[in-house]
Amino acid sequence: MGERLNRIRRTCEPLLRRVFHAYFLVVRGMTLGVRAVVLDADNKVFLVKHSYVTGWYLPGGGVDHGESMEQAMRRELKEEGDIELTGEAVLHGIFLNSHVSRRDHVAVYVVRHFRQDRLPAPNHEIVECGFFDTAALPEGVTPGTRLRIAEVLDGKALMATWR
């Protein structure tokens, strides 16, 4: 019985996430999210792969009611990568993410001072994560993620939109 319930959950949960995401796009006003370009001492970047969308992304998520952008970024880093900041994060920019809606904005931070005791085990949200050399990023890194990395590390001009 337990394995059957787990199989149903694995099958239904991604669909339910997409349905709720579509619902919130319709009923909510402007939305705000955060992402972080987390760089280790070798300038390897931390990326995550979610269970409910394809591709590799910078860690992050939505800003909750009553939460600042920086608080949300810190919370998301802890949840998605077991990463705790040991220094200040630097705001890189705020971008319009018109792929989600015409009212979705994403604040991107650069994080260089942090502690991570170990990579977290895969879970219901993050199925894979790790630090990657920017010259050898994994297959499926999203275009917006590639742009933010290039802006931070290569000095590419910032775009107003996520892409």
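Regarding MET1, is this residue of a type in the set (A, V, I, L, M), modelled with pLDDT of 70 or more and exposed (fewer than 10 other Cβ atoms within 10 Å of the Cβ)? Taking the combined requirement at face value, the residue does not satisfy it.
Restricting region 32-69 to residues that are under 26 Å from LEU16 (Cα atoms) and over 15 Å from the mean Cα position of the chain (by Cα), the residue that is most open to solvent (accessible area, probe 1.4 Å) is HIS65. Looking only at region 67-123, residues that are of a type in the set (A, V, I, L, M, F, W, C) and under 23 Å from MET30 (Cβ atoms) come to 12 in all.
The residue that is farthest from ILE83 (Cα to Cα), counting only those in region 129-146 that are of a type in the set (Ser, Thr, Tyr) and out of contact with any helix residue (DSSP H, G or I) (no Cβ under 8 Å at 6 or more places or on another chain), is THR142. When we screen GLU128, GLU80 for residues that are acidic (Asp, Glu), touching a Pro at 6+ places or on another chain (Cβ under 6 Å) and touching a residue at least 24 places away in the same chain (Cβ under 8 Å), the only hit is GLU80.
The values are calculated or read from the model by the stated rules, or taken from the named source; none is laboratory data. Note that the structure is predicted; figures quoted are calculated from it, not measured. Using ideal geometry, Cβ is built from the backbone for each residue, glycine included, and neighbour counts are taken over all protein chains shown. These accessible areas exclude ligands, DNA and RNA; they are computed on the full protein's heavy atoms, side chains included. Shrake-Rupley method; radii C 1.70, N 1.55, O 1.52, S 1.80 Å.
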